[in-house]
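One structure below.
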Amino acid sequence: MTALRAVFAVLLLWTPWWSSVHAALPEFTQLVKDVGPSVVNISTTQKARTQELFPGMPMDPNDPRSEFFRRFFGQPPGGQRQARSLGSGFIISSDGTILTNAHVVKDADEILVKLSDHREEPAELVGLDERTDVAVLRIKAKGLPAVKIGDSDRLEVGAWVLAIGSPFGLEYTATAGIVSAVGRTLPSDAYVPFIQTDAAVNPGNSGGPLFNTDGEVIGINSQIYSRSGGYMGLSFAIPIKVAMRAAEQIQKTGHASHGYLGVTVQPVTPALAQSFGLDKARGALVADVTAGSPAATAGIKAGDVILAFNGRALADAGDLPPLVGNTEVGDKVSLTVLRDGKERTVSATVGALSDSDEAGGPASKPADQAQGGRLKLAVADLDAAQRQQLDVPKGGVLVMAVGDGPAARAGLTRGDVILRVGDSEVKDVAHFKTLVGKLPAGRAVPLLIQRRGNPLFLALTVPKE
């Protein structure tokens, strides 16, 4: 009897806890019914080019020799089979305007949209933007159920989300999860601050909507992280604010424009933060400024640390490109910059990003070994041929050899060109020796180098003797 009473008491305590947990879980049944009709299936076809047995010798597909060559020699040179791809999309206006990924419809000769009522309509490509991976389609239909557009800026980590699409061609598949991260920058997509979720997304989901629990679209499912080609727990969606900005521009002009500042930035490491006098590693370190760019006009210099863009603090260098890219061309912005240990505000006018905005050789002179004792580093002056090859018009010294010491620990390698030590531009080997001799022991100093044509800051610390 005592045992039964104990079990009964536990059940009484457990029941309200379970009820509260169950009540906190979202119910997606009605949501799927409400938003499902606005999701579409997209299939594309890329027509085959004329096949040739050999260059200059067209092949008739009905010629018996064509089958012989396919069986024993594979696809004939110059030939291409008809290619098909499958993706998803969603209706953003009742007059037949549809949003999807650019990579779903790129290079397609024919695009077919399948609606929830099984109607199939040929689609016109209004335009696409590969930088944001957004495409706008239009079909000849009226009175279609359009989605409600949400506010992706208000999305928080931990929020429930629902994805609907056609993974592996399985139409109207719904998967749910939570937001794992926001503002995620991927190496291949610097202009999109992705929403990361754990909602299962697979090939065929691309271009489909990501909904919040209010039934509003807050993203377009775009990419997955996978080593197998299938879902592995990470999926990435384009914030709907970024996508709609591109879509509106595409509908007006046929293409999307992106802001341009003209700086090459790198992350601020803890060692670099110490060398610049920062309290912690944050911001975007300017490694190079393009001549004639908006940044150059505004007076931004290599070695500046951009701490905030238009009032938004930069936690990392990767935060800057999306903010600049999604700023309207011609807008005036304020930049909070750290220079010489002091913060200052710089104003810049954002330009338009163009398609084009996106090595060391052997030395003929003997290396100067004078710095081997302190830095374990051998450097040499650059001759005219090396300057032209390395695109270093003046100053700098070429790293010839790196021993086990401060230079190696800073990350210097043979072939690097040292352009600046601290705030001083390096003129030649003699000047470099003087600068190194004045380096404070035990304190990190920023070192600007050029490596394989790209500027890079390193933090150099000379140990105390």
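Things worth noting here:
- Verdict on D331 being among the charged types (D, E, K, R), in contact with a strand residue (DSSP E or B) (Cβ under 8 Å, 6 or more places away or on another chain) and at pLDDT below 90: no
- Some residue of the range 275-293 being buried (at least 17 other Cβ atoms within 10 Å of the Cβ) and assigned to a helix (DSSP H, G or I): yes
- Pairs linking a residue in the range 419-436 that is closer than 12 Å to A378 by Cα to a residue that is in a loop (DSSP other than H, G, I, E, B) and open to solvent by 40 Å² or more (accessible area, probe 1.4 Å), with Cβ atoms under 9 Å and 6 or more positions apart or on different chains, are V429/A370; V429/D381; K433/A370.
- For the range 108-123, the criterion of being surrounded by 21 or more Cβ atoms within 10 Å (Cβ to Cβ), β-branched (V, I, T) and assigned to a loop (DSSP other than H, G, I, E, B) is met by none of the residues.
- Any hit, the range 262-269, residues being open to solvent by 40 Å² or more (accessible area, probe 1.4 Å), polar (S, T, N, Q), in a loop (DSSP other than H, G, I, E, B) and in contact with a strand residue (DSSP E or B) (Cβ under 8 Å, 6 or more places away or on another chain): yes
- All positions within the range 153-173 that are assigned to a loop (DSSP other than H, G, I, E, B) and open to solvent by 10 Å² or more (accessible area, probe 1.4 Å): L155, E156, V157, G158, A159, L170, E171, Y172
This table checks each residue for (1) among the charged types (D, E, K, R); (2) farther than 20 Å from G303 by Cβ.
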| residue | (1), (2) |
| --- | --- |
| V379 | no, yes |
| Q388 | no, yes |
| V392 | no, no |
| V421 | no, no |
| S424 | no, no |
| K427 | yes, no |
| G437 | no, yes |
| G442 | no, yes |
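- For the range 242-256, taking the residues that are surrounded by fewer than 19 Cβ atoms within 10 Å (Cβ to Cβ) and either of a type in the set (S, T, N, Q) or at pLDDT 90 or above (or both), the one that is nearest to the chain's Cα centre (by Cα) is identified as M244.
- Filtered residues of the range 192-221 (kept if open to solvent by 10 Å² or more (accessible area, probe 1.4 Å), within 27 Å of L323 (Cα to Cα) and touching a Ser or Thr at 6+ places or on another chain (Cβ under 8 Å)): P193, Q196, D198, S206
The values are calculated or read from the model by the stated rules, or taken from the named source; none is laboratory data. Predicted model, so just to flag it, every value in this text is computed and none were measured. Every residue, glycine as well, gets a Cβ built from its backbone with ideal geometry; the counts of neighbours run over all protein chains shown. To get the accessible areas, we keep the full protein, side chains included, count just its heavy atoms, and leave off ligands, DNA and RNA. Shrake-Rupley method; radii C 1.70, N 1.55, O 1.52, S 1.80 Å.
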